[in-house]
Amino acid sequence: MGTLFSEGNYLRYRNFRVENNSFVMASSLQSNPFPKGKKTLDILSPVKRRIEQIPVENRQTAHRIVSLIPADCPFERDLKFFGRTIAHIPPMCKLNPLYEQLIMLRFRALCYLVDECGEDATALG
């Protein structure tokens, strides 16, 4: 059986720490490459901010945004040979660093068309 000993403001038992009445694996805390308080460099942050600031103020712009940004990932495919699936290509959209900003822009355009222009959301796709 392991020993329980005090280490700073928390208790430690083998590879686990007790903090705020819950067990935390001590090895996972030590391997964190981004410690709290340190900022990481995000090269795409100006592009992300620019996408978030794109105004959706008229019907034509909103329709253009909705038609250009797909609602689901167009890259996900099942490769079939004689009716049997031989491979599956997973969706790659989540790997896109601008994915969240583009989906939010599409959502704002859809909301503009539904709320301000009174269009049917099911027809917009």
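Each value in this text was obtained by applying a stated rule to the coordinates, not by laboratory testing. Given the structure is predicted, the values throughout are model-derived calculations rather than measurements. All Cβ positions, glycine included, derive from the backbone under ideal geometry; neighbour counts span all protein chains shown.
Taking interchain pairs and intrachain pairs at least six residues apart, which have beta carbon atoms under 7 angstrom, with the first residue in the range 95-118 and in contact (Cβ under 8 Å) with a residue 24 or more places away in the chain and the second among the small types (G, A, S)?
Pairs that qualify, where the first residue is in contact (Cβ under 8 Å) with a residue 24 or more places away in the chain and the partner is among the small types (G, A, S), are A109/A62; L110/A121; Y112/A62; L113/A62.
State which residue is nearest to the chain's Cα centre (by Cα) when the search covers only the range 58-106 and only residues that are part of a loop (DSSP other than H, G, I, E, B) and exposed (fewer than 10 other Cβ atoms within 10 Å of the Cβ).
D72
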